[in-house]
Amino acid sequence: EEQVRLYTDNAPAMLTYIDADRRLRFANRAYLEFVGSDRDAVLGQQLDDVLSPGEFLKRREYIDGALSGDRQEFEIEVESADGVTSYALGTYLPDRDPVSGSVRGVFAVLQDITSRRRAEVALQEVNETLEQRVVQRTGELQEAKAEAEEANRAKSRFLAAASHDLLQPLNAARLFASVLSQHTTEMEARHAELVSRVDSSLTAAEELLSALLDISKLDRGVLRPAEEVFAVAELLERLSTQFAPLMRENGLEFRVRPTDAVIRSDRQMLRRIVQNFLANAFRYTPSGGILLGCRVRGDCLRIAVWDTGPGISDDERERIFDEFHREDRDHVRGQQGLGLGLAIARRMAATLGLEIGLASRPAHGSCFWVDVPLAEATVVTAAPVAGSPERPTGDFDGLRVLCVENDESIQEGMLALLERWGCDARAAADVTGCHTAMADGFRPEVILLDFHLDHGWSGLDVLDALGSKVERVPTVLITADRSEELQAEAVRRGIRMLRKPLRPAKLRRLLTGISRPEIAES
């Protein structure tokens, strides 16, 4: 017995033996210290007399289970006689009679697991805190992302909604500048130079606004690719026709490597991407040459523009496709760029699902490229026929034109321009004005129709209200509205469209095609 007590009193766990009557028959030192009593005072006592009522209730279920013959394992919170709370891992083992097999008592072991339990609780609290922080941070990021997306959508909606109001004064200024430019031979040289500069400034403003509207449409997903299979040679030929004279005039060698490859993509958007590459190369290449060529890479065709310019540094290469980023170069041909051409190229490539890239070495030139999927040459779509050439110098022999426009400044500019071309032009702001303009028997041969008019009317509403008076009269819708719905309605009605700000050369070419088809077709 002394040997057993020596071992059990030095054990870290609380060891006890309880008989079938729930009397405490054995207890080691750790247990006695827990209950705050000596061995003689507790041995032979009922367990519910040794423990406090609360402690006994915690263990009663497990004691009854063990006395029924089932091994019990559990974790329990216990409170010692001096009020210290700890956690214990309990094990109750039934003591069976070897002859009868009946349960004659229970061996009870309570092992202190306070340190482990507190560590688990602390870890759980840390995990919960981290989860809360993750949830909170995720919510903040989602809110910030939603705010940024809404701000971007608001920007796009603003540009789309405000395009008409933004383009109206620019359109009027362009018309007046065009009228002035036709009088340069009658002006002093310094005045003619001022007119030229005004025209250049208007062109730059128009390009900026058009680029911003393009970016807005790309961000809103308004531009939808129209994929077709076509020969790359058509694309290269058109770009060569556009840029070759410009290169020659500025002393640059321009080469185009021919290819018979056939690709699948949106013809117009792809042309715009490569055109922006060429414009960028032309602007920043002071001497040498520019090469437009193609190379097959797997199942794609790489269309690339090489130049002999100053090249692009590594740090600048990361920002070259950002909006309004302009390269810092000593030599820039023409006006300083807007910093939007390459940004538009990147957005269009993303819309088409194409990869674009850049390779460059400072002082050795650069190469901008786009990879386009190759296609079978079985279903090749021909390129659309180019528009009619501009009418030769001369008037329109009194061509009767009715201009429906609610903006007085644009009315004045349009009438001045049309009269300069020899047209018999009249202007009106609404249906009543149209009736007044035609009251003396004036019957228009062409109607130039603004889309957004006063009091919620559209140009198409005016056309419908005039009815038979203008039936079958060729009509040109001039608008800043770039929606697909309006374009589809114009096609359905057989109405031609011109975008604001209006380019006088395009209007003149269109009027030539209407009034003198034999000239337009020549």
Handout entry: Kirkwood Rh in Å, taken over all unlike Cα pairs in the range 18-163
Key = 19.8 Å
Problem - Rg/Rg_globular for the range 417-522, with Rg_globular taken as 2.2 N^0.38 Å and Rg from C-alpha atoms - result: 1.07
Handout entry: Sequence ranges 473-484, 56-67, ranked by mean other-Cβ count within 10 angstrom, highest first
Key = 473-484, 56-67
Handout entry: Cα lying deepest toward the dipole's positive end in the range 225-310, options Leu246, Trp306, Leu270, charges on Cβ
Key = Trp306
Exercise for the section: Using per-residue counts of other Cβ atoms within 10 Å, averaged over each peptide, order 408-415, 100-107 from highest down. Expected result: 408-415, 100-107
Fill in the blank from the handout: Surrounding charge for Asn127, neighbours by C-beta under 14 angstrom, Lys/Arg +1, Asp/Glu -1, total -3
Fill in the blank from the handout: Rh_Kirkwood(the range 7-57) over Cα pairs, Å, one decimal, evaluates to 11.0 Å
Problem - Within-12-Å neighbourhood charge of Gly105 [Cβ basis; K, R +1; D, E -1] - result: +1
Completion exercise
proj_area_mean for the range 448-493 (convex hull on C-alpha atoms), units nm², value 3.4 nm²
Exercise for the section: Kindly report, to the nearest 10 Å², the accessible surface of Asp21 as traced by a 1.4 Å probe over protein heavy atoms only. Expected result: 100 Å²
Fill in the blank from the handout: With all protein chains in place and a 1.4 Å probe, Cys367 shows an accessible area in Å² (nearest 10) of 10 Å²
Practice task
Using only the Cα atoms, work out Rg/Rh for the range 93-139, with Rh taken as the Kirkwood radius, to two decimals.
Solution key: 1.54
Fill in the blank from the handout: So the carbon and sulfur contribution to the accessible area of the range 42-135, 1.4 Å probe, in percent, is 49 percent
Completion exercise
Residue-ordered couplings for the range 22-29, obtained by feeding phi - 60° into the Karplus form 6.51 cos²θ - 1.76 cosθ + 1.60 and rounding to whole Hz (Gly and Pro as x), are 6, 9, 7, 9, 8, 8, 8, 4
Practice task
Considering the options Ala425, Leu498, Leu402, tell which one lies farthest towards the positive end of the dipole of the range 402-512, charges being +1 on Lys and Arg and -1 on Asp and Glu at the Cβ, about the Cα centre.
Solution key: Leu498
Completion exercise
Most packed first (mean Cβ within 10 Å per residue), the peptides 6-12, 234-240, 315-321 order as 234-240, 315-321, 6-12
Handout entry: Neighbourhood charge, 12 Å Cβ-Cβ cut-off, centred on Leu460 and excluding it, Lys, Arg +1 and Asp, Glu -1
Key = -4
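The values are calculated or read from the model by the stated rules, or taken from the named source; none is laboratory data. Nothing here was measured: the structure is a model prediction, and the numbers come from that model. With ideal geometry, Cβ positions are generated from the backbone for all residues, glycine too; neighbour counts draw on all protein chains shown. Ligands, DNA and RNA are excluded from the accessible area calculation, which covers all protein heavy atoms including side chains. Shrake-Rupley method; radii C 1.70, N 1.55, O 1.52, S 1.80 Å.
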